[in-house]
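The block underneath contains the structure these notes are about, expressed in structure tokens.
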Amino acid sequence: MTWSSERLSSLVRHDAVDRQVYTDPELFALEMERIWGRAWVYIGHESQIPEPGSFFTTELARQPVLLVRQDKDTYHLFFNRCAHKGAKVVELESGRAPMLRCGYHGWTYRTDGVCHHITGGDAAYRALGLDKGSPCMNLSTVPRAESYRGFVFASLTPDAPDLATWLGPTAASIDNMIDRSPEGRLEVAGGALRYHHDSNWKFFMENLNDMMHAMIAHESSAHAARQLGKKMLARGGALPPEIQILAPFAEDPDFFEKMGVHAFANGHSYSGGKTSIHASYSGIPEYEAALERAHGKERMDEILSLNRHNTVVYPSFTCKGAIQTIRVVKPVAVDETIIESWTFRLVGAPDELLQRSILYCNLINSSANLVGPDDREAYHRLQQGLQAQGERWVSNARYVDAEEPNEEGGRSATGSSDMVFRNQFEAWRRYMTADTASGG
Amino acid sequence: MAMAPALQDLEQFLFHEARLIDEKRWDEWGALFTEDGEYWVPATRGQPDAKNHVSLMYETALLRDVRLKRYPHPNAMSLQPVPYSVHVISNVMLDSFDAATRISVVNSRFIMLEYRRNEQQTYGGATTHVLETEGESFRIRMKKVELVNCDAVLPSIQIYF
């Protein structure tokens with residue numbers, strides 16, 4: 001059966017979605033083409049390719065791509081595929097090289113993707129009028145690649161809207177992360193964590209702004225942390241950062257209601273804003289002094305008071321501005337997803353900031369952490385439970401139509417509203433049907 | 001001058017430690033560490049420290065307490081069904097012994113199977129134990145586990161290596 005626009009559209013109701021959106025391999029293949037092939041997808045950060053010849057490899061809609069810096073001002077995003085027989089040209093995750101050479105037959109490319117050397121010379125192609133100067137002998141370029149203040153996104157669609165417009169008000173979450181550097185600069189630092197999930201990518205994207213699960217799913221670790229914290233306070237001690245990070249996961253439901261959720265065009269959203277689970281971390285005086293020197297007290301207070309919890313740039317990128325971490329979604333199959341976590345150094349800030357981000361990721365994002373396994377288990381049970389045919393629809397009905405327009409041009413609702421999920425599936429439907437997403 | 005511990009005693013200690021994990025005798029296992037004892041699983045090869053680079057696990061007594069309290073919690077959904085493990089410890093070598101502090105640095109290799117709900121994961125690597133001598137036995141100042149696949153895309157890891 002083919003997936004007509006009408007049939008695809010019928011999978012999404014305002015207050016529910018068809019369970020097949022999480023379980024059907026054909027729909028997953030269509031998502032790769034129509035959502036991941038049309039949206040802007042996060043590739044990497046400019047600081048990962050600092051010098052001419054620096055390269056970084058990743059995936060875009062499951063296709064291998066290669067980000068290479070040509071010179072100080074120019075870099076390119078290529079499909080990581082040799083123009084000759086199609087082998088992946090660069091296998092390493094990152095590195096630096098003056099030229100890129102395919103290991104199979106030795107075709108070699110410059111950092112601008114132009115073919116520099118064809119093994120055995122050009123003569124073999126003379127009958128076709130081709131030589132190494134012909135465009136089809138070069139690495140092919142991904143149709144669109146743009147940076148938003150150092151964060152590189154790409155699209156397989158040549159007429160994708162301008163990146164900043166498409167990001168909308170979620171760009172302010174990236175801005176806030178950058179603004180927290182006294183020099184206004186970020187650098188990827190501290191390595192990456194890669195976590196395998198045996199479930200559909202959308203469960204993760206929904207869960208980040210699901211304000212109803214933390215105190216339930218993470219009760220075991222968060223309550224243990226709170227108990228230990230209470231004992232420490234009773235003994236007159238201060239709460240160490242580990243407890244400050246873990247304990248808020250067990251805040252009562254009202255705390256999460258008040259954080260609120262905020263939804264925007266193209267499926268984007270964030271939760272929190274005025275407060276979040278990161279709002280009560282101890283200050284770092286040396287850092288605040290550096291930030292005040294750079295910006296003045298008023299601006300510093302403004303920067304530090306913005307406390308968004310998770311920002312979701314649908315479908316691939318999520319960030320926590322307040323602690324300088326991002327998580328990147330890499331779908332593998334309808335029931336298989338890789339989640340990467342990266343940390344950033346705030347240039348000009350003391351090391352404690354990066355160290356806190358790293359501690360957070362160890363505790364929340366690593367495969368052996370104290371919180372993520374329960375999320376992963378929840379997604380696993382969703383993937384299994386939704387095999388059941390008993391009910392076609394998965395509810396997104398909480399606080400339906402109880403949303404208010406917000407000052408940023410989106411809509412806001414109480415924390416436990418399903419508005420964010422409804423908003424993601426509005427975007428899902430637009431991408432999946434002929435009517436593609438607009439920047440509006 | 002203190003004599004270096006016998007290799008057999010060190011081996012027996014490592015076997016005992018692994019057995020406590022496999023038998024989920026968490027209180028006894030936790031008590032093997034010194035108060036400032038650390039447990040560390042780096043996320044990359046040759047990782048110089050646990051502060052400036054992410055790790056799969058980096059736990060002091062405080063975080064061990066959190067994890068050990070979490071294990072029996074009835075609402076820890078990823079621990080239901082319960083995961084089980086079996087460790088095989090081998091290639092035990094005494095790398096160094098400081099006669100003044102009576103601290104031994106012991107290198108060993110391990111294979112650990114982690115089993116939960118019809119899925120079995122296989123882990124292997126090199127472990128460095130920094131052991132303080134205490135009476136006839138030892139306490140762990142540092143246990144550093146260098147997984148051979150530390151930088152792989154890994155599923156949930158729920159039991160100590």
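Values in this text are rule-based calculations from the coordinates and carry no lab data. Source: prediction; values computed, not measured. Virtual Cβ from ideal backbone geometry, glycine too; neighbours counted across all protein chains shown.
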Worksheet entry | Total formal charge among the other residues, if their Cβ is under 15 angstrom from that of B:MET1, Lys/Arg +1 and Asp/Glu -1 | 0
Response to the item:
P(r) over all Cα-Cα pairs of region A:190-292, 10 Å bins from 0 to the longest distance, whole percent per bin, short to long, reads 12, 32, 37, 17, 2
Response to the item:
Taking Cα atoms, the helix B:61-70 axis meets the longest principal axis of chain B at an angle in degrees (rounded to 10) of 40 degrees
Worksheet, complete the sentence: Cα-Cα longer than 27 Å, checked against A:LYS330/B:LYS69; B:LYS69/B:LYS144; A:LYS258/A:LYS330, kept in input order, equals A:LYS330/B:LYS69; A:LYS258/A:LYS330
Worksheet item: Fully extended, how many nm does the chain gain between A:GLU408 and A:GLN389 (0.36 nm per residue separation, minus their Cα-Cα distance)?
Response: 2.8 nm
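What does the convex hull of the alpha-carbon atoms of region A:84-127 project to on average, in nm²?
The number I arrive at for region A:84-127 is 3.5 nm².
Kindly put B:TRP40, A:TRP40, A:TRP166 in sequence by how many other C-beta atoms sit within 10 Å of each C-beta, fewest to most.
Values: B:TRP40 19, A:TRP40 27, A:TRP166 24.
Taking fewest neighbouring Cβ atoms as first place, the list is B:TRP40, A:TRP166, A:TRP40.
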Worksheet item: Relative to the longest principal axis of chain A, what angle (0 to 90°, nearest 10) does the C-alpha long axis of helix A:372-385 take?
Response: 80 degrees
Worksheet item: Between A:ARG235 and B:GLN80, what is the spin-label point distance in nm, taking each point 7 Å from the Cα along the Cα→C-beta axis?
Response: 3.2 nm
Discussion item. Compute a Gaussian network model of chain A, connecting alpha carbons closer than 10 Å, and tell me which residue from A:VAL371, A:VAL394, A:VAL68 fluctuates the most.
Written reply: A:VAL394
Item to complete: Just the number, please: Stokes-Einstein D of region A:366-440 in µm²/s, Kirkwood Rh from C-alpha pairs, 10 °C, 1.306 mPa s.
Response: 103 µm²/s
Fill in: HN-Hα J in Hz across region A:313-319 - Karplus 6.51, -1.76, 1.60, θ = phi - 60°, x for Gly and Pro
9, 5, x, 10, 10, 9, 9
Item to complete: For the protein assembly as shown, restrict the atom set to alpha-carbon positions and state the Rg and Dmax in Å.
Response: 25.8, 85
Discussion item. Give me the one-decimal nm value for the distance between modelled label points at A:TYR104 and A:TYR125, 7 Å along each residue's Cα-to-Cβ direction.
Written reply: 1.5 nm
Practice prompt. Work out which GluC sites (Glu not before Pro) in chain A are exposed loop sites (DSSP not H, G, I, E or B, at most 15 other Cβ within 10 Å) and give the longest gap free of them.
Written response: A:184-390
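Hey, got the average number of other protein chain Cβ atoms within 10 angstrom for residues in A:241-252?
1
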Practice prompt. Take every residue in peptide A:214-222, count the Cβ atoms of other chains within 10 Å of its Cβ, and give the average of those counts.
Written response: 4
Worksheet entry | ³J(HN,Hα), Karplus 6.51/-1.76/1.60, whole Hz, each residue of region A:195-207, x for Gly, Pro | 10, 7, 10, 9, 7, 5, 4, 5, 4, 5, 4, 6, 5
Practice prompt. For A:HIS309, list long-range residues whose amide hydrogen, built 1.01 Å from N in the peptide plane, is under 5 Å from its own amide hydrogen.
Written response: A:SER271, A:GLY272, A:GLY273
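Count the net charge of all other residues whose Cβ sits under 15 Å from the Cβ of A:HIS380, scoring Lys and Arg as +1 and Asp and Glu as -1. Mind dumping the intermediate values first?
Details: positive: A:LYS202, A:ARG376, A:ARG381, B:ARG116, B:ARG117; negative: A:ASP198, A:GLU206, A:ASP335, A:GLU336, A:ASP374, A:ASP375, A:GLU377, B:GLU119.
Net local charge, A:HIS380 excluded: -3.
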Discussion item. Please list, ordered by chain and number, the residues whose modelled amide H lies under 5 Å from the amide H of B:ARG141; skip anything fewer than 5 residues away on the same chain.
Written reply: B:THR34, B:VAL130, B:LEU131, B:GLU132
Discussion item. Taking each residue in B:66-73, count the Cβ atoms of any other chain within 10 Å of its Cβ, then average. What number comes out?
Written reply: 6
Worksheet item: Tell me which lysines have Cα within less than 22 Å of A:LYS297's Cα, excluding those fewer than 8 residues away on the same chain?
Response: A:LYS274
Discussion item. Just to confirm my numbers, what's the Cα centroid distance between region A:133-162 and region B:32-61 in Å?
Written reply: 40 Å
Discussion item. Rounded to whole Å, give me the distance from the Cα center of region A:327-385 to that of region A:165-222.
Written reply: 8 Å
Response to the item:
If amide H atoms are modeled at 1.01 Å from N in the peptide plane, then the residues at a separation of 5 or more from B:GLY124, or on another chain, having amide H under 5 Å from its own are B:MET112, B:VAL148, B:ASN149
Worksheet entry | 5 Å-binned pair-distance histogram of region A:12-107 (Cα, whole percent) | 3, 12, 18, 17, 15, 11, 8, 6, 5, 3, 1, 0
Worksheet item: Each residue of region B:112-122 in order: what ³J(HN,Hα) in whole Hz does its phi give by Karplus 6.51 cos²θ - 1.76 cosθ + 1.60, θ = phi - 60°, with x for Gly and Pro?
Response: 10, 9, 10, 10, 7, 6, 6, 10, 10, 9, 10
Worksheet entry | Alpha-carbon centroids, region B:114-128 and region A:401-427: separation in whole Å | 42 Å
Discussion item. Please report the net charge: other residues with Cβ closer than 14 Å to the Cβ of A:SER341, K and R +1, D and E -1.
Written reply: +2
Worksheet entry | Modelled FRET efficiency - R0 51 Å, A:TRP3 with A:HIS295, Cβ distances, 0.05 increments | 0.50
